[in-house]
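Comments concern the structure below.
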Amino acid sequence: MKQLFLSLAALSLLAVQQVGAIPMVKGDEAAYRVRELATGIDWHTNLSQALNEGARSGKPVVWIHMLGKIDGAT
Amino acid sequence: MSLSQEPAFSYLKNNFVVGYKDITGLPYAGVSGVHMPTGNAVNTTNGAGPHNLQTFVLAPDGTVMTCLPGYWNSQDLVCELQLGQDLYKVWSDRYMSRQEKDVRFRAMQQQHLRSHSPQMIRRSKMQGFDQKYEAKNRLQTSDCILDSRLASVVLQKGAKPPVGAFKTTDQIMHDRMMARPFVPYDQFDIVAYTDYGRPFYNKNEDQRTASGEVNKELAKAQPLMGNVNEMPGAAKRARRQQRRQMAGGRMMNRAGSYMARRGIQTFVRAMR
């Protein structure tokens, strides 16, 4: 009985930790994703050029304002 | 992180011309901890960090279809990008008058907000520190507050906001966009549009323990980027970091000269 109680207490402690934890993508995986994002899409850094490309292809333009660079520190 | 996740990544790649601009140093930019590409990444709530990141959907003539302030969940981002595409169809319609287009724009923003799933609305809860910032600085005037009496509760220590006190960020975004139908990008008032919550936003992705809690000491030492001088607390922190770095440099110099005087002599003596 005592053992069961202790196991339950340990499990509930673990559950509390899990609830408090934020799902995190570890550095290696995040670096891979950043690489894929930076190289898998043709990123424009000049708005006029991006708009010209949009006019040529008939596609709207997604233009992102961000602190930092898409393949660097953000 | 949401841009690199599916479905956002493929949707962006297949349906849009994509570009970005580094807003570090621009007057409306916020402040964030420096996050290296090899660092950890975490998900956050929709609309968090509105001063640090803005995603525009533009027609090729430079007219703004929509603008998402802050970070958005990958799925929710796609949902809003689709609205941008639908608005682009309206904007490109040769048979509609400008007035008709504006009416349609407002109606579509409103309809889209009403169509958000309960999950999306849950993901769009404004961050607690942003709610506090709004309640503390503009309790009676903020367009993010639905009920000022209820919103004032967050100013009490440890108190959570009652339901109906604050708008969710998806509502803030659509309400603000409704007031800006088909505005040219260079006339879009980005400062007012992104103005909610505090300018400093940081998830401390690399300053967390294995269980996900923030290590406060590491977090304090993290370098900052953005408009650091615009934020009194952050400027103080940047000066403190600079002093630490200089002190570290002096220590290294002292150690280096000591090594030069003693260590190398000892090493040379030992070699003999």
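Summary table below
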read-out	value
Accessible surface of B:GLU6 - all protein chains present, 1.4 Å probe, nearest 10 Å²	110
Of the trypsin sites (Lys or Arg not before Pro) in the stretch B:72-150, those whose Cβ has at most 14 other Cβ within 10 Å and which sit in DSSP loop	B:ARG94
Order of exposure, largest accessible area first, which applies to B:SER74, B:SER148 with probe 1.4 Å	B:SER148, B:SER74
Loop chymotrypsin sites (Phe, Trp or Tyr not before Pro), the stretch B:75-130 (other Cβ atoms within 10 Å of the site Cβ: 14 or fewer; DSSP)	B:TYR95
Cα shape, the stretch B:84-208, gyration tensor, a/c 1.5 rule	prolate
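The values are calculated or read from the model by the stated rules, or taken from the named source; none is laboratory data. The structure presented is a predicted model; accordingly, all values stated were derived computationally and were not measured. Neighbour counts run over all protein chains shown; Cβ positions are idealised from the backbone, glycine included. Calculation scope for accessible area: heavy atoms of the full protein, side chains included, ligands and nucleic acids excluded. Shrake-Rupley method; radii C 1.70, N 1.55, O 1.52, S 1.80 Å.
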